[in-house]
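Presented below is the structure to which this report refers.
The values are calculated or read from the model by the stated rules, or taken from the named source; none is laboratory data. It should be emphasised that the depicted structure is a prediction, and the values quoted were computed from it without experimental measurement. For neighbour counting, all protein chains shown are included, and Cβ atoms are generated from backbone atoms with ideal geometry for every residue, glycine included. The area values use the complete protein model at the heavy-atom level, side chains included, leaving out ligands, DNA and RNA. Shrake-Rupley method; radii C 1.70, N 1.55, O 1.52, S 1.80 Å.
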Amino acid sequence: MTGSEKKPRIGVLAIQGDYAAHAEALADSGADPVEVRNPDGLDGLDGLILPGGESTTMLKFLERRGFFEALEKFAAGKPVFGTCAGAILLAREVRHPAQRSLRALDAVVERNAYGRQIDSKILIAPTSLPGGPLEMVFIRAPRIAETGPGVEVLARREGFPVLVRQGKLMAATFHPELSADRRVHRLFVDTVIASTQK
Ligand code: GLN
């Protein structure tokens with residue numbers, strides 16, 4: 001991106017969870033972050049991050065005032081990145097227990113898949129992103145149990161995908177916004193920029 005280009009406007013769903021850290025990571029990665037609290041807040045955005053938090057709590061809020069339907073529409077056309085609870089919201093199917101989701105990302109996600117005590121953990125694991133191994137902060141993480149053929153796996157934990165991409169959609173079961181490494185947010189910002197140039 002050159003200095004003369006307009007920064008992409010990327011929303012962060014700001015109902016609950018760690019949206020402020022995402023906004024900071026986006027700003028560091030060359031985007032103009034916008035906190036989104038209602039369906040109208042999606043207007044004019046180039047992309048959106050669904051942050052971590054508690055997906056059931058977020059769902060309750062989203063099921064009011066047509067917010068869920070507005071997000072479904074947004075995710076069908078624009079880049080969306082779901083992290084942790086956000087990845088759960090984005091998935092085609094949610095298990096353990098089953099719950100409603102946007103069904104955008106062709107993946108089956110199991111909630112709280114790593115058990116109670118060992119589920120929160122910081123790992124440094126290989127990734128196909130340029131720049132070598134990546135720090136990954138897992139907090140009561142879900143597991144991506146299955147992915148469809150159009151889903152590219154960019155990193156794994158114990159053999160299961162933890163960072164994936166499907167066209168304009170991305171999902172991480174960890175919290176990239178909590179690490180100093182901005183490669184994951186930069187990849188999403190690049191995806192958003194590429195989609196605005198089409
Ligand atoms: N356990 C949470 C859920 O199921 C996700 C945890 C997170 O986002 N850190 O929604």
What is the one condition in (1) closer than 18 Å to residue 90 by Cα; (2) open to solvent by less than 70 Å² (accessible area, probe 1.4 Å) that residue 182 does not satisfy?
-> (1)
When only residues in region 32-60 that are acidic (Asp, Glu) and assigned to a strand (DSSP E or B) count, which is farthest from the ligand (Cβ to nearest atom)?
-> 32
Name the single residue, out of those in region 138-170 being more than 18 Å from residue 187 (Cα to Cα) and hydrophobic (A, V, I, L, M, F, W, C), that is nearest to the ligand (Cβ to nearest atom).
-> 139
Which of the following residues is in contact (Cβ under 8 Å) with a residue 60 or more places away in the chain, in contact with a Gly (Cβ under 8 Å, 6 or more places away or on another chain) and hydrophobic (A, V, I, L, M, F, W, C): 85, 75?
-> 85
Inside region 3-33, can you point out the residues that are closer than 17 Å to residue 78 by Cβ and in contact with a helix residue (DSSP H, G or I) (Cβ under 7 Å, 6 or more places away or on another chain)?
-> 8, 10, 11, 12, 13, 22, 26, 31, 33
Scan (1) of a type in the set (Ser, Thr, Tyr); (2) closer than 23 Å to residue 54 by Cα; (3) at pLDDT below 95 for the single condition residue 147 breaks and write down its number.
-> (3)
All conditions in (1) open to solvent by 30 Å² or more (accessible area, probe 1.4 Å); (2) in a strand (DSSP E or B) are true of residue 190 except (2)
Would you check which residues across region 74-101 are open to solvent by 20 Å² or more (accessible area, probe 1.4 Å) and under 19 Å from residue 54 (Cα atoms) and list them?
-> 92, 93, 95, 96, 97, 98, 99, 100
Inter-residue pairs, beta-carbon under 9 Å, first within 21 Å of residue 172 (Cα to Cα) and open to solvent by 60 Å² or more (accessible area, probe 1.4 Å) and in region 23-52, second within 16 Å of the ligand (Cβ to nearest atom) and in a helix (DSSP H, G or I), 6+ apart = 24/177; 35/19; 35/20
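Select, from 98, 113, the only residue that is within 16 Å of the ligand (Cβ to nearest atom), assigned to a loop (DSSP other than H, G, I, E, B) and either charged (D, E, K, R) or over 17 Å from residue 174 (Cβ atoms) (or both).
The unique qualifying residue is 98.
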Filtering region 143-157 down to residues that are touching a Phe, Trp or Tyr at 6+ places or on another chain (Cβ under 9 Å) and farther than 23 Å from residue 193 by Cα yields 143, 144, 145, 157
Selection status of residue 154, among the aliphatic types (A, V, I, L, M) and within 23 Å of residue 121 (Cβ to Cβ) = yes
Keeping to region 127-182, report how many residues are of a type outside the set (A, V, I, L, M, F, W, C) and part of a strand (DSSP E or B).
-> 11
